[in-house]
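Below is one structure, written out as structure tokens, with a few remarks after it.
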Amino acid sequence: MKNTFNKIVNQRRAYREFDTSIKMPESVVRHSLENAIKSPSSSNMQLWEFYRIRSKKALKEVAAICLNQPGAKTASEIVVFVSRPDLWKQRQAWHLKRLENVPNAQVKNKLFGNSEYSYFKDVMPMFYNRSFSIFRDIYKYFYIWNKRRKAPFMSDIFDKHIPIVAQKSTALAAQTFMLSIVSEGYDSLPMEGLDAIRLKKYLKLPKTADINMAIAVGKGTPAGLRGERARLPYNKVVFDR
């Protein structure tokens, strides 16, 4: 398993051009997205959505939004990873329904001193409710102050932090997706060079959604690689304390 994982990581490269004569099977992308859904997410809220761009017309239109990068123009498919912090109520409702008949769902945990069920019912609204309320913000401030007065505790639960949290989880799903694509014998290109405003409009997304990245997939060509992989040395980025 170790050797297999190392091979996948080393083989994953950003291919900037794909072989248009090779069409990826639909099942490859589906299976890789199923793997992406298994990625870790903050509080298991899964505040993400994945949009598959598959038809010739859609691929052409989205490639233009992705600045007509060769990788986008030659891709078998493009998957847009979107973070959706605005869907927290839907995800909360899903968890509460899921936990109704789960054994031990009402057993208290150590971090918050409440059960998993009450964590989603009572704590999640405090984190994710972004409707303006000075009383809520004051309560949140003193809640954190009281927790941190006794021991280390998270402080990034204010409105400005919520989109960042959702983006982190979505990026983890994107990485899982790309590694899975490699394991299936195909390649990918993560694209941040795109017009996010136009892409949101194209996908009919609300203002509260955020484009994380678009990932083009297909069978990479040798011309699609820009030389050998260049990475900083271990001792330039890893530090012991």
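When you scan segment 140-154, do you find a residue that is exposed (fewer than 13 other Cβ atoms within 10 Å of the Cβ) and among the polar types (S, T, N, Q), even just one? So far as segment 140-154 goes, yes, one or more of its residues are exposed (fewer than 13 other Cβ atoms within 10 Å of the Cβ) and among the polar types (S, T, N, Q). Scanning segment 54-104 for residues that are in contact with a strand residue (DSSP E or B) (Cβ under 6 Å, 6 or more places away or on another chain), farther than 16 Å from A166 by Cβ and in a loop (DSSP other than H, G, I, E, B) yields R54, C66, T74, A75, S76. Residue-level check: of (1) over 26 Å from F158 (Cβ atoms); (2) within 24 Å of the chain's Cα centre (by Cα), K121 misses just (1).
For E26, the requirement of being more than 30 Å from E116 (Cα to Cα), among the charged types (D, E, K, R) and loosely packed, with under 15 Cβ neighbours inside 10 Å is met. Determine whether D159 is of a type in the set (D, E, K, R), touching a residue at least 12 places away in the same chain (Cβ under 8 Å) and within 23 Å of V80 (Cβ to Cβ). In short, no. Residue pairs whose Cβ atoms lie under 9 Å apart, sitting 6 or more positions apart in sequence or on different chains, and linking a residue in segment 192-217 that is in the same structural domain as I65 (by TED's automatic domain parsing) and free of Cβ contacts under 8 Å to residues at least 60 places away in the same chain to a partner that is basic (K, R) and not in a loop (DSSP other than H, G, I, E, B), are K207/K200. Sort out which residues of segment 225-241 are of a type outside the set (D, E, K, R) and free of Cβ contacts under 8 Å to residues at least 60 places away in the same chain, and write them in order of number. G227, A230, L232, P233, Y234, N235, V237, V238, F239, listed by residue number. A count restricted to segment 199-224 and to residues that are surrounded by 20 or more Cβ atoms within 10 Å (Cβ to Cβ) and assigned to a loop (DSSP other than H, G, I, E, B) stands at 1. If you go through segment 52-78 and keep only what is within 30 Å of F120 (Cβ to Cβ) and surrounded by 19 or more Cβ atoms within 10 Å (Cβ to Cβ), you end up with nothing. Inspect segment 13-27 for any residue being in a helix (DSSP H, G or I) and either of a type in the set (D, E) or closer than 20 Å to L203 by Cα (or both) and give the result as yes or no. Within segment 13-27, one or more residues are in a helix (DSSP H, G or I) and either of a type in the set (D, E) or closer than 20 Å to L203 by Cα (or both).
The values are calculated or read from the model by the stated rules, or taken from the named source; none is laboratory data. Bear in mind that the values here come from a model prediction, so they are computed numbers and not experimental data. Virtual Cβ from ideal backbone geometry, glycine too; neighbours counted across all protein chains shown.
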